[in-house]
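Undergrad: The following block contains the structure, expressed as structure tokens.
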Amino acid sequence: MGPQAAHAKITSEMTLSEKADAIEEHMMHELDKIVTKSVFANMTDGRVDMEGGAALQKKYPGKYFNMGPDPRLPPMPDKPTLLDYFKNRFASTNHLLQSGALAIKNGHSEKVVLACLLHDIAVVGFIRCDHGYWGAQMIAPYVDEEVSEAIRMHQALRFFPDESMGYKYPDMYLKYFGPDYKPEPYIVEEYKRARDSKYYETSRLICVNDIYAFDPNAKVNLDQFEDVIGRNFRQPKEGLGWDHSPSAHMWRTIMWPTRFL
Ligand SMILES: [Fe+2]
Ligand SMILES: [Fe+2]
């Protein structure tokens, strides 16, 4: 057993999380580069923590830090498109595809279809918390304001019924958050602002076409949205992430989430 394997020795006295860390460390030794975890990733594991560069290089001697793609993730092409993110970075796309397909079935405009198709890209590619805001920022440079604003506002609207548009508070939310959950004041205020927005209806249609009863077996093909995306999503010629738009860094971070700096 070499000195590196000794690092990852798993013993019966270890706690589960120590074992998980040891396995992770063992996997890290297999890589050519030192791949680091961001503070944010650690916080989602319940701890405010980061390992410093010097300590890490000591742990993985003779290696440099990863400054590009993470070798563990599916490779991305040099000039990635939105579809490449769908295929290689979004953890689950069924919900989005089903919502987009329902919007088509209900005869909505291409902007509404695109808004439904992209409404939760932040959830599936990045982060759950405040996903409407993150998702809207990611796409704002590339779509009509109607689409990004509608996605931003669905963050708040989905918690409030509007019977006139056929939207009631989702049963799934009762099940997920309990009967006592009340939207926080910032959500309530955002809801009031959204009601006065010229994009209120589009945003409400995201909620109406949001599939709350997820069908894990439904298969909707991404191909059927290629034309809608082509006409309504301004794909940058440099590739999504390399185009210097105000949100290019967000796409790059999703493409290369373990870049050291
Ligand atoms: Fe959502
Ligand atoms: Fe959704």
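The values are calculated or read from the model by the stated rules, or taken from the named source; none is laboratory data. What you see is a predicted model; the values in this text were computed from it and never measured. Neighbour counts are summed over all protein chains in view; Cβ atoms, including those assigned to glycine, are modelled from backbone coordinates with ideal geometry. What goes into the accessible areas is simple: the full protein's heavy atoms, side chains included, and nothing from ligands, DNA or RNA. Shrake-Rupley method; radii C 1.70, N 1.55, O 1.52, S 1.80 Å.
Undergrad: Could you give the C-alpha radius of gyration of the chain expressed as a fraction of 2.2 N^0.38 Å, taking N as the number of residues it contains? Can you show the working numbers first?
TA: Values: Rg = 21.4 Å, N = 261, 2.2 N^0.38 = 18.2 Å.
Working it through for the chain, the quotient is 1.17.
Undergrad: Please work out the ratio of the alpha-carbon Rg of the range 167-218 to 2.2 N^0.38 Å and round it to two decimals.
TA: 1.34
Undergrad: For the range 1-102, run through the trypsin sites (Lys or Arg not before Pro) and keep only the ones in DSSP coil with at most 13 other Cβ atoms within 10 Å of their Cβ. The partial results should precede the final answer.
TA: Numbers: sites: 9, 19, 33, 37, 47, 58, 59, 63, 72, 87, 89; in loops: 9, 33, 37, 47, 63, 72, 89.
Hits after loop and neighbour filter: 9, 47, 72.
Undergrad: Further, regarding this structure: Would you mind putting 109-121, 189-201 in packing order, based on average other-beta-carbon counts within 10 Å, highest first? Display every interim value, and only then the final one.
TA: On the way: 109-121: 25.2, 189-201: 14.6.
Per-residue Cβ counts within 10 Å, averaged per peptide and sorted highest first, yield 109-121, 189-201.
Undergrad: Report, by chain and number, residues whose modeled amide H sits under 5 Å from the one on residue 167, excluding near sequence neighbours (fewer than 5 apart, same chain).
TA: Those lying under 5 Å, H to H, from residue 167 are 162.
Undergrad: Further question on the same structure: Between residue 23 and residue 186, what FRET efficiency follows from the Cβ-Cβ distance if R0 is 30 Å, with the result rounded to 0.05? Kindly include the intermediate steps, with their values, before the conclusion.
TA: On the way: r = 39 Å, r/R0 = 1.31.
The computed FRET efficiency comes out at 0.15.
Undergrad: Let me ask another. Where the Cα atoms of the range 1-116 are projected onto their three principal axes, how long is each span, largest first, in whole Å?
TA: Sorted largest first, the three principal extents are 63, 35, 26 Å.
Undergrad: Whole Å is fine, so just give me how far the alpha carbon centre of the range 14-83 lies from that of the range 88-159.
TA: 29
Undergrad: Next up: Are there GluC sites (Glu not before Pro) in the range 140-173 that DSSP marks as loop and that have at most 14 other Cβ atoms within 10 Å, and which are they?
TA: Details: sites: 145, 146, 149, 163; in loops: none.
Passing sites in the range 140-173 do not exist.
Undergrad: What's the FRET efficiency of residue 238 with residue 32 using the Cβ-Cβ distance as r and R₀ = 25 Å, to the nearest 0.05? Show your work: numbers first, answer last.
TA: Working: r = 27 Å, r/R0 = 1.09.
With a Förster radius of 25 Å, E is 0.35.
Undergrad: Averaged across orientations, what area in nm² does the convex hull of the alpha carbons in the range 169-261 project? The partial results should precede the final answer.
TA: Working: hull surface 41.0 nm².
The Cα convex hull of the range 169-261, projected and averaged over all directions, gives 10.2 nm².
Undergrad: Could you tell me which of the pairs 33/219; 37/168; 105/168; 87/111; 37/79 are separated by over 32 angstrom between their Cα atoms in the structure shown?
TA: Working: 33/219 38 Å; 37/168 40 Å; 105/168 20 Å; 87/111 22 Å; 37/79 25 Å.
Violating the 32 Å limit, Cα to Cα: 33/219; 37/168.
Undergrad: So what is the relative contact order of the chain, in percent, for Cα pairs below 8 Å that sit 6 or more residues apart?
TA: Working: 301 pairs, mean separation 63.8, N = 261.
The value is 24 percent.
Undergrad: Please list, ordered by chain and number, the residues whose modelled amide H lies under 5 Å from the amide H of residue 65; skip anything fewer than 5 residues away on the same chain.
TA: 34
Undergrad: Kindly provide the helix-only [θ] at 222 nm of the chain, computed as the sum of -39,500 (n - 2.57) over DSSP H runs of four or more divided by all residues, to the nearest 500 deg cm²/dmol?
TA: Working: 15 runs with 131 residues, N = 261.
About -14000 deg cm²/dmol.
Undergrad: Which whole-number value in Å² is the accessible area per residue of the chain, probe 1.4 Å? All intermediate terms of the calculation are to be shown ahead of the outcome.
TA: On the way: 14610 Å² over 261 residues.
Value for the chain: 56 Å² per residue.
Undergrad: Percent relative contact order of the range 162-261, based on C-alpha pairs within less than 8 angstrom and at least six residues apart? The partial results should precede the final answer.
TA: Working: 26 pairs, mean separation 19.5, N = 100.
For the range 162-261, the relative contact order is 20 percent.
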